[in-house]
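Engineer: Mind having a look at this structure? Questions to follow.
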Amino acid sequence: MVSADKWVYGLAVDPEKDKLYITDYGSKKIVVTSLDGSGERTLLNCTDLPRGLVVDRIKRLLFYSTYQYIIYKANLDGTDVTPIVSTSLTEIYGIDIDFSTDSVCWADYCKYHLINL
């Protein structure tokens, strides 16, 4: 079981490796654990408050959004963190991948957006 003291804003499953990725808004971290809740560890210490996240099971990448309107991509081991979208328009609430178009999609407070990978 994942500890109850987290401010969880996002969850993403890696079905190939049976891992669960969690944004902990309160501690500015992304943690990873096994699907049974064991082996929890910090994957990323973020400089901003992490929100939504999604696993690209094909490219083996993690995409996550932050409170400061930035979307990052990283390897699933937490390395090679790179910002891919930065906007000052409004808050990013949801993020997902459209595998049919190889695009990252996100919803902010007012609109739906799409960026090709």
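Engineer: Hey, can you grab everything whose amide H is under 5 Å from the amide H of Ile92? Only 5+ residues off in sequence or another chain; H modelled, so Pro and N-termini drop out.
Structural biologist: Close amide H contacts, sequence-distant or interchain: Tyr69.
Engineer: Which Cα, out of Ile71, Thr101, Ser34, lies furthest along the positive dipole direction of the stretch 8-116 (beta carbon charges, K/R +1, D/E -1)?
Structural biologist: Farthest towards the positive end: Ile71.
Engineer: Bin width 5 Å, origin at 0, all Cα-Cα pairs of the chain: what percent of pairs per bin?
Structural biologist: 2, 12, 24, 25, 20, 11, 4, 1
Engineer: Given H placed on each backbone N at 1.01 Å, which residues far from Ser103 in sequence or on other chains put an amide H within less than 5 Å of it?
Structural biologist: It is Asp98, Leu117, by chain and number.
Engineer: How high is the relative contact order of the chain, in percent, counting Cα pairs under 8 Å that sit 6 or more residues apart?
Structural biologist: Across the chain, relative contact order equals 15 percent.
Engineer: Through the Karplus equation 6.51 cos²θ - 1.76 cosθ + 1.60, θ set to phi - 60°, convert the phi angles of the stretch 96-108 into ³J(HN,Hα) values in whole Hz; use x for Gly and Pro.
Structural biologist: Once rounded to whole Hz, the list reads 7, 10, 9, 5, 6, 10, 6, 10, 8, 10, 8, 10, 10.
Engineer: Once phi is turned into ³J(HN,Hα) by the Karplus curve 6.51 cos²θ - 1.76 cosθ + 1.60 with θ = phi - 60°, what whole-Hz value does each residue of the stretch 71-83 show in order, with x for glycine and proline?
Structural biologist: So the J values, rounded to whole Hz, are 10, 10, 10, 8, 5, 5, 8, x, 8, 6, 6, 9, x.
Engineer: Which of the peptides 63-72, 91-100, 32-41 is most tightly packed, and how do the rest follow, judged by the mean count of other Cβ atoms within 10 Å per residue?
Structural biologist: Packing proxy ranking, top to bottom: 63-72, 91-100, 32-41.
Engineer: Okay, moving on. List the residues, sorted by chain then number, that are 5 or more residues from Gly52 or on another chain and whose placed amide H is less than 5 Å from its amide H.
Structural biologist: Ser65
Engineer: Along the stretch 51-66, what does the Karplus equation 6.51 cos²θ - 1.76 cosθ + 1.60 (θ = phi - 60°) give for ³J(HN,Hα), rounded to whole Hz, x for Gly and Pro?
Structural biologist: 10, x, 7, 8, 9, 8, 5, 7, 8, 6, 10, 10, 10, 9, 10, 10
Engineer: Give me the one-decimal nm value for the distance between modelled label points at Ala107 and Gln68, 7 Å along each residue's Cα-to-Cβ direction.
Structural biologist: 2.6 nm
Engineer: Excluding residues fewer than 8 places away in the same chain, name every one of the aspartates and glutamates whose C-alpha is closer than 18 Å to that of Lys6.
Structural biologist: Asp24, Asp36, Glu40, Asp48
Read the figures in this text as sums done on the coordinates, not as results from a lab. If you're wondering where the values come from, they're calculated on a predicted model, not measured in any experiment. Methodologically, a virtual Cβ is constructed for each residue, glycine included, from the backbone with ideal geometry; neighbour enumeration extends over all protein chains shown.
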